[in-house]
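To start, the structure itself, in structure tokens.
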Amino acid sequence: MRLFFDPRQLDHAPAQELHNGAFVPYAETPARAQALCAGVHATESPTDHGEAPILAVHDAGYVAYLKTAYDRWLAAGRSGDVMGYIWPVVRRRALDLTRIDALAGRYSMDSSTPLTADSWTSAYWSTQSALSALDAVLAGDRVATALCRPPGHHAGADYLGGYCFINQAAVAAQAARDAGIARVAILDIDYHHGNGTQDIFWDRGDVFYASVHADPATDFPFYWGHADEVGEGAGEGTTLNLPLPHGTTIAAFRAAQATALDAIARFDPGLLIVSFGADTFEGDPIANFALKTSDYAMLARDIAATGLPTVVLTEGGYAVDNLGENLASFLSGF
Ligand code: Q9C
Ligand code: ZN
């Protein structure tokens, strides 16, 4: 199986994040990417597809923000990483914002995703890895994988958050649509709900989004991922949320994934994109499911049994010492 990764994906390294009222070391580390690489035989450098596929999903003002925010931050006399502190929740409308603090709030959904001088570059190459894996599958490979770090599924069309800046699953799905695939399905099996992916395709009937995740009643991102969220307009019925409780083990997770795969099969897509998070692992430091390393191979076998051409993209997974073997287990199932 072809695997894509670019060393520039290592550069993004925020110092700390705001967690439960205190600053703690940032969980989404470059060491995660090294662990992902260590879990596989060899990776290829991606092809550069430019910014157009990113701009096919993300707002132009948001992309400009990602590229310029750090320089604006320095110009304002700041040091360290860009972090917002005010959000336009109740006054969200078209304003000509110039102040970095206003922009940081406008273009983010949380305070756990600092932006550094390298965030754009790392997210850009993470996205090129995803697009290169898509190319391999469009060229006839049954499955290909991109080691996407930083991850993507919390990023919306015009906001960052949850350690995510560019939504690789959404960019790959849109690129597949633009390559002529009429219907694309995204299966998200990260521990957290992929709010950004859901938002991007919320009112579209051409991309199915199915997610198995921790119940947002107890877990980030709280405001998305509830079972009654099914999409709207042309997208009504093409969003499926399957929340599960803390302590979930493979039996319940596998059953929920089977429900998602049944719905995806009825949608009859030409391509499947898997947002794979290993933060469902029993040893994950920021999550509360209890999957074991060998369980991931079983999940992948169930996915492979659909027979769909499949692009695997990595999302979360913070038990760094186990991340490589968890990814290896998952990929072995294909
Ligand atoms: N107390 C992914 O797995 N946690 N993102 C914030 C603040 C954010 C996880 C905690 C978790 C995001 C891709
Ligand atoms: Zn996650």
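Keeping all protein chains in place, calculate the accessible area per residue for segment 191-334 (probe 1.4 angstrom), answer in Å².
Accessible surface, normalised per residue, equals 35 Å².
Which percent, to the nearest 5, of DSSP beta bridges fully inside the chain are antiparallel?
So the antiparallel bridges amount to about 20 percent of the total.
What's the angle, to the nearest 10 degrees (0 to 90), between helix 119-138's Cα axis and the longest principal axis of the chain?
20
Accessible area of the chain with a 1.4 Å probe: how many percent of it is carbon plus sulfur?
Heavy-atom surface of the chain belonging to carbon and sulfur, 1.4 Å probe: 53 percent.
By accessible area of protein heavy atoms, probe 1.4 Å, what ranking do 202, 125 get, highest first?
From most accessible down to least: 202, 125.
In whole Hz and in residue order, list the ³J(HN,Hα) couplings for segment 272-282 that follow from phi through the Karplus curve 6.51 cos²θ - 1.76 cosθ + 1.60, θ = phi - 60°; x for Gly and Pro.
So the J values, rounded to whole Hz, are 10, 10, 10, 8, 9, x, 9, 7, 7, 5, 4.
Full extension from residue 246 to residue 234: what is 0.36 nm times the residue separation minus their Cα-Cα distance, to one decimal in nm? Walk me through the numbers on the way to the answer.
Numbers: separation 12, 0.36 × 12 = 4.32 nm, distance 3.32 nm.
Here the answer is 1.0 nm.
With all protein chains present and a 1.4 Å probe, how do 315, 51 order by accessible area, largest first?
The ranking, largest first, comes out as 51, 315.
Using the heavy atoms of the protein chains alone and a 1.4 angstrom probe, what is the accessible area of segment 1-157 per residue in square angstrom? Working shown, then result.
Working: 7010 Å² over 157 residues.
Per-residue accessible area for segment 1-157 comes out at 45 Å².
Can you give the helix-only mean residue ellipticity at 222 nm for the chain, where every DSSP H stretch with n ≥ 4 adds -39500 (n - 2.57) and the sum goes over all residues, rounded to the nearest 500 deg cm²/dmol? Intermediate values should be presented prior to the final figure.
On the way: 10 runs with 117 residues, N = 334.
Roughly -11000 deg cm²/dmol at 222 nm, from the helical runs in the chain.
At a probe size of 1.4 Å, how large is the accessible area of residue 281, to the nearest 10 Å²?
Residue 281 has an accessible surface of roughly 10 Å² with all protein chains in place.
Near the amide H of residue 278, under 5 Å away, which other amide H atoms are found, from residues 5 or more places off or on another chain, if H is placed in the peptide plane?
315, 316, 317
Report for segment 1-152 the percent antiparallel among DSSP-assigned beta bridges with both residues inside it, nearest 5.
Percent antiparallel among DSSP bridges in segment 1-152 is about 55.
Could you pull out every residue, at least 5 positions away or on a different chain, whose amide H is within less than 5 Å of the one on residue 209? Hs are placed 1.01 Å off N in the peptide plane, and Pro or chain starts have none.
HN-HN under 5 Å from residue 209: 186, 239, 240.
Can you find, among 88, 77, 64, the residue farthest towards the positive end of the dipole of segment 61-113? Put +1 on the C-beta of Lys and Arg, -1 on that of Asp and Glu.
Positive-end residue among those listed: 88.
Considering only 199, 178, 188, give the residue with the highest GNM mean-square fluctuation for the chain, with springs between Cα atoms whenever their separation is below 10 Å.
178
Any idea what the dipole of the chain comes to, in debye rounded to 20, about its Cα centre with Lys/Arg Cβ at +1 and Asp/Glu Cβ at -1?
Here the size comes out at about 280 debye.
Not counting ligands, DNA or RNA, and with a 1.4 Å probe, what is residue 132's accessible surface area in Å² rounded to the nearest 10?
Surface accessible to solvent at residue 132 totals approximately 10 Å².
For the chain, what does the alpha-carbon gyration tensor say about shape, rounded, prolate or oblate, given a ≥ b ≥ c as the root eigenvalues, a/c under 1.5 as rounded, and a/b over b/c as prolate?
Working: a/c = 1.37, a/b = 1.32, b/c = 1.04.
Cα axes put the chain in the rounded bin.
Quick check: Cα centre of segment 163-236 to Cα centre of segment 99-148, how many Å?
After rounding, the separation between the Cα centres reads 15 Å.
Suppose every K and R has +1 on its Cβ and every D and E has -1 on its Cβ; what is the size of the dipole of segment 212-334 about the Cα centre, in Debye to the nearest 20? Could the numbers behind the result be given before it?
Working: 4 positive and 16 negative charges, 79 e Å.
Taking the Cα centre of segment 212-334 as origin, the dipole is about 380 debye.
Test of understanding: what is the full-extension gain from residue 38 to residue 294, defined as 0.36 nm times their sequence separation minus their Cα-Cα distance?
90.4 nm
Which of rounded, prolate or oblate describes segment 102-258 when judged by the alpha-carbon gyration tensor and an a/c cut-off of 1.5? Let's see the in-between values first.
Details: a/c = 1.40, a/b = 1.05, b/c = 1.33.
Rounded, since a/c falls under 1.5.
Top to bottom by accessible area (1.4 Å), largest first, where do 240, 271, 95 land? Could the numbers behind the result be given before it?
Numbers: 240 40, 271 0, 95 90 Å².
Largest to smallest exposure gives the sequence 95, 240, 271.
Apply the Karplus curve 6.51 cos²θ - 1.76 cosθ + 1.60, θ = phi - 60°, to the phi angles in segment 239-244 and return the couplings in whole Hz, x for Gly and Pro.
Result, ordered by residue: 10, 10, 10, 10, x, 10 Hz.
Please calculate the 1.4 Å probe accessible area of residue 81, with all protein chains present, and give it to the nearest 10 Å².
About 30 Å², rounded to the nearest 10.
The values are calculated or read from the model by the stated rules, or taken from the named source; none is laboratory data. Because the structure is a prediction, the values reported are computed rather than measured. Cβ sites come from the backbone with ideal geometry, for glycine too, and all protein chains shown count toward neighbours. Keep in mind that these areas ignore ligands, DNA and RNA; they rest on the heavy atoms of the full protein, side chains included. Shrake-Rupley method; radii C 1.70, N 1.55, O 1.52, S 1.80 Å.
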